[in-house]
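Below is one structure, written out as structure tokens; the observations come after it.
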Amino acid sequence: MITDLYVPPAQKPGQSGTTFSFPAGVGAVKDSFDIISAWPGYGVTPLLRLTGAARQFGVGEIFYKQEAARFGLNSFKALGGAYAVCRVLIQVIAQKIGEIPSVTDVLGGRYKDLTASTVVCCATDGNHGRSVAWGAKQLGCHSVVYIHETVSENRGKAIAAYGADVIRTKGNYDDAVHYAEQEAKHNGRTVVSDSSYEGYTEIPGWIMQGYGVIAAEAVQQLGNDKPTHVFVQAGVGGFAAATLSYLRDFYGADAPRGVVVEPSEAACILKSAKAGRYETVTGDLDTIMAGLACGEPSPIALSALFILADAFVATDDDDVRDSMRGLAKGYNGDAAITAGESGVAGFAALRAIMIEKSDAAARLREILALGPDSRILVIGTEGNTDPDLYREIVFGEDHV
Ligand SMILES: Cc1ncc(COP(=O)(O)O)c(C=O)c1O
């Protein structure tokens with residue numbers, strides 16, 4: 001169910017005297033693409049055409065970019081955390097040798113002795129920590145990852161499998177972020193956070209530029225099928241801001257309308273957009289969309305979303321469960337897709353808006369002009385990152 005929504009008055013970059021610099025524009029994403037595409041195992045992720053789902057929901061086309069295939073990590077996150085670890089290590093090496101090392105040399109282990117003592121750390125709901133730990137292992141440094149109270153054991157184990165020290169902290173994701181920052185100060189570690197805060201914007205900025213690779217691949221795959229809408233799920237907002245930013249820079253005034261989707265229990269970006277200023281959501285943020293259970297937006301992402309997003313919506317866990325089951329079966333002959341709880345949120349909101357009889361859904365269909373002529377891009381940002389939970393949701397408890 002669409003539990004809340006906000007449609008801001010139209011205001012686009014360059015309008016009403018606004019100056020705007022895209023956090024993940026075409027130029028910056030070219031730099032991240034050059035580095036990321038040099039990693040072993042890089043491949044463009046599939047863009048699936050969900051004709052059966054589009055027919056069922058009454059829209060023209062649905063394009064589903066399947067990020068579960070990214071670097072064998074089951075989510076899009078390697079593009080952010082691991083990419084930022086790479087940029088951190090390039091800086092560490094450059095300070096020691098007096099020149100910028102080539103990515104091939106860094107990846108090939110030429111400077112492992114110079115990076116072995118570097119420790120990167122982060123807080124995570126699961127996917128970001130896995131990406132940072134994977135990057136640290138690949139690139140030759142150590143990682144410490146903080147998981148909060150409700151992160152599942154399976155997600156913790158998946159991170160530890162890449163050699164990270166995994167530490168469980170009290171409280172929610174935002175508490176873990178603050179704890180990681182304090183510990184890093186005491187122990188001389190480099191925080192690789194996907195969220196920005198005062199005085200800390202460079203690394204989250206790189207992470208957004210890494211995420212921009214998804215949109216850069218998608219526009220090439222779409223070719224002349226330019227989308228009319230894009231639905232992007234948000235935790236701290238970095239992924240959503242990166243995607244809308246790239247698409248806006250690439251397509252200009254003709255860019256697709258951007259819909260930002262959050263869980264009802266952690267809709268801090270929607271709350272901020274309504275208030276027109278930075279707002280947080282507190283509490284245990286209890287949703288099955290673990291990756292989106294963030295109560296504090298990333299300020300650099302939020303300020304971009306204020307300008308780039310056409311609508312903000314909140315959706316609930318039931319929509320997500322139904323969508324995961326629908327995709328697992330395949331709608332009307334569509335290929336079956338394994339989609340995780342957070343990864344499916346954009347698709348789930350689209351489905352709810354199109355099939356729901358509520359006033360909120362009808363209003364969104366009208367304002368966003370969603371209908372038979374719409375071509376919608378959604379990004380499936382994760383697969384079954386917690387396989388037990390996935391089985392329980394999709395096939396019932398007996399299958400766990
Ligand atoms: C699967 C998945 N999708 C989307 C997001 C949202 O990314 P962001 O926190 O940058 O908004 C996350 C965040 O962890 C995630 O795990």
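The values are calculated or read from the model by the stated rules, or taken from the named source; none is laboratory data. The structure presented is a predicted model; accordingly, all values stated were derived computationally and were not measured. Here Cβ is always computed from backbone atoms with ideal geometry, including for glycine, and neighbour counts include all displayed protein chains. With ligands, DNA and RNA removed, areas are computed over all heavy atoms of the protein, side chains included. Shrake-Rupley method; radii C 1.70, N 1.55, O 1.52, S 1.80 Å.
Annotations
- Spin-label model distance (nm) - LYS274 vs HIS186, 7 Å beyond Cα toward Cβ: 3.8
- For VAL191, nonlocal amide neighbours, meaning residues 5 or more places apart or on other chains whose placed amide H falls under 5 Å from its own, are CYS121.
- Förster radius 45 Å - calculated FRET efficiency between HIS178 and THR51 (Cβ-Cβ, nearest 0.05): 0.45
- Kirkwood Rh, Cα atoms: Rg over Rh of the chain: 0.95
- Enclosed volume per residue, in Å³, of the convex hull spanned by Cα atoms of the stretch 1-149: 194
- Based on C-alpha pairs under 8 angstrom that are at least 6 apart in sequence, the stretch 147-291 has a relative contact order of 17 percent.
- List ARG277, ARG257, ARG375, ordered by accessible area with a 1.4 Å probe, largest first: ARG277, ARG257, ARG375
- Seen against the Cα atoms of the chain and their longest principal axis, helix 317-329 is set at about 90 degrees.
- By average C-beta atoms within 10 angstrom, highest first, the peptides 124-130, 367-373, 244-250, 194-200: 124-130, 244-250, 194-200, 367-373
- FRET efficiency, 1/(1 + (r/R0)^6) with R0 51 Å, evaluated for ALA94 and ASP388 via beta carbons: 0.75
- Heavy atoms of MET1 accessible to a 1.4 Å probe, total area in Å² rounded to 10: 110
- Put the Cα centre of the stretch 259-315 next to the Cα centre of the stretch 209-249 and the gap is 18 Å.
- Lysines with Cα under 17 Å of LYS96, excluding same-chain neighbours fewer than 8 positions away: LYS112
- With coordinates expressed along the principal axes, the C-alpha atoms belonging to the stretch 81-193 extend over 42, 26, 17 Å, beginning with the largest.
- In the frame of its principal axes, the stretch 320-389 has Cα extents of 38, 23, 19 Å, reported largest first.
- GNM remark for the chain: springs join alpha carbons under 10 Å apart, and the peak mean-square fluctuation among LEU364, LEU270, LEU222 falls on LEU222.
- From the C-alpha gyration tensor of the stretch 251-369, square roots of 5λ in Å: 24, 19, 14
- Remark: the chain carries a charge dipole of roughly 940 debye about the Cα centre, counting +1 on each Lys and Arg Cβ and -1 on each Asp and Glu Cβ.
- Efficiency of FRET from Cβ geometry, GLU153 and VAL119, R₀ 25 Å, rounded to 0.05: 0.55
- Computed from phi, the 3J(HN,Hα) profile of the stretch 112-123 under the Karplus parametrisation 6.51, -1.76, 1.60 (θ = phi - 60°) reads 4, 5, 7, 9, 4, 8, 6, 10, 9, 9, 7, 9 Hz, with x in place of Gly and Pro.
- ³J(HN,Hα), Karplus 6.51/-1.76/1.60, whole Hz, each residue of the stretch 40-53, x for Gly, Pro: x, x, 5, x, 5, 7, x, 10, 9, 9, 9, 5, x, 5
- Centre-to-centre, using Cα atoms only, the stretch 53-111 and the stretch 152-190 are separated by 21 Å.
- Accessible area (Å², per residue) of the chain, counting only protein heavy atoms and a probe of 1.4 Å: 38
- Highest-fluctuation residue, SER264, SER342, SER193 considered, GNM on the chain with Cα pairs under 10 Å: SER264
- Per residue, the average separation of C-alpha pairs within less than 8 Å and at least 6 apart gives the stretch 81-193 a relative contact order of 28 percent.
- Under 5 Å from the amide H of GLY171 lie the amide H atoms of GLU149, each residue being 5 or more positions distant or on a separate chain, with H modelled from the backbone and absent for Pro and chain starts.
- Above-threshold pairs, the threshold being 20 Å between Cα atoms, out of LYS30/LYS137; LYS77/LYS137; LYS77/LYS226; LYS30/LYS77: LYS30/LYS137; LYS77/LYS226
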